[in-house]
Amino acid sequence: MIATVIKTGHSTYYVERNLTLHGKSPDQYGLVYPEYRLNGGAFPIWLTNSTVAPIAVVSAYAESSQEDHQLVVKSIRDYLLKVHEEAMADQVGSPGLSHRRAGSVASLQ
């Protein structure tokens with residue numbers, strides 16, 4: 001799963017759905033099993049100014065690909081909202097670097 005995300009720059013669920021939509025097999029895109037797997041939910045974490053590759057990959061594998069993907073997305077979303085709330089609380093008391101973190105997740109609300 002992680003190798004698929006690193007190679008494509010997209011979540012495994014996105015790649016799986018896109019291939020199905022276009023009637024293509026993973027092999028046609030160089031995603032040869034077992035090195036590149038589409039099952040499970042693996043999701044890229046990008047740094048704003050980095051276009052080379054994701055800086056991290058979050059993955060889960062337990063249920064269906066859709067459920068795993070939703071688990072990863074919800075976990076990341078919840079974490080970013082928590083960071084945003086903490087940054088907003090910090091801003092009230094003392095301005096500093098916390099406003100930079102909050103700005104990147106403001107669109108989630």
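The values are calculated or read from the model by the stated rules, or taken from the named source; none is laboratory data. Source: prediction; values computed, not measured. Heads up, the Cβs are rebuilt from the backbone with ideal geometry, glycines too, and the neighbour counts pull from every protein chain shown. Just so you know, the surface numbers come from the protein's heavy atoms only, side chains and all, with ligands and any DNA or RNA stripped out. Shrake-Rupley method; radii C 1.70, N 1.55, O 1.52, S 1.80 Å.
What order do Thr20, Thr51 take when sorted by accessible area (1.4 Å probe), most exposed first?
Working: Thr20 85, Thr51 120 Å².
Result, largest first: Thr51, Thr20.
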Taking only C-alpha positions in the range 1-92, Rg and Dmax in angstrom work out to 15.3, 53
Under a plain spin-label model, where a point goes 7 Å from the Cα along Cα-to-Cβ, how far apart in nm are Met88 and Lys7? 4.2 nm
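To the nearest 20 debye, what is the magnitude of the charge dipole of the range 1-69 about its Cα centre, counting +1 on the Cβ of each Lys and Arg and -1 on the Cβ of each Asp and Glu? List each step's numbers first, then the result.
Values: 4 positive and 6 negative charges, 44 e Å.
With Lys and Arg at +1 and Asp and Glu at -1, about 220 debye.
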